[in-house]
1. Do we have Ile10 as in a helix (DSSP H, G or I), surrounded by fewer than 10 Cβ atoms within 10 Å (Cβ to Cβ) and more than 19 Å from the chain's Cα centre (by Cα) here?
2. Can you pull out the residues in the stretch 24-50 that are surrounded by fewer than 10 Cβ atoms within 10 Å (Cβ to Cβ) and among the aliphatic types (A, V, I, L, M)?
Amino acid sequence: MKPKKLKIYIITVFAAILAFTSCTKDLDTVPLDEDVVTSASVYDSPASYRLVLAKLYAGLAVSGQEG
């Protein structure tokens, strides 16, 4: 192989190694504080649905449809 082709081959292999590696559930963590509201705990009760709708409506009332 010529030096230029070898350099391109090494860069391609290195880029492929970096592109195909991934985290193994390192980012799937649960909050330690029990007061934190997560997406899983928001819809546990019917009262929570009302709170979400009230928050959405309040956002529309304050800023309108255009944000």
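Every number here is computed from the coordinates shown, using simple stated rules; none is lab data. A quick note: this is a predicted structure, and the numbers were derived from the prediction, not measured. Glycine gets a Cβ as well: all are built from the backbone with ideal geometry, and neighbour counts include every protein chain shown.
1. Working: in a helix (DSSP H, G or I): yes; surrounded by fewer than 10 Cβ atoms within 10 Å (Cβ to Cβ): no; more than 19 Å from the chain's Cα centre (by Cα): yes.
It is false that Ile10 is in a helix (DSSP H, G or I), surrounded by fewer than 10 Cβ atoms within 10 Å (Cβ to Cβ) and more than 19 Å from the chain's Cα centre (by Cα).
2. Of everything in the stretch 24-50, those that are surrounded by fewer than 10 Cβ atoms within 10 Å (Cβ to Cβ) and among the aliphatic types (A, V, I, L, M) turn out to be Leu27, Val30, Leu32, Val36, Ala40, Ala47.
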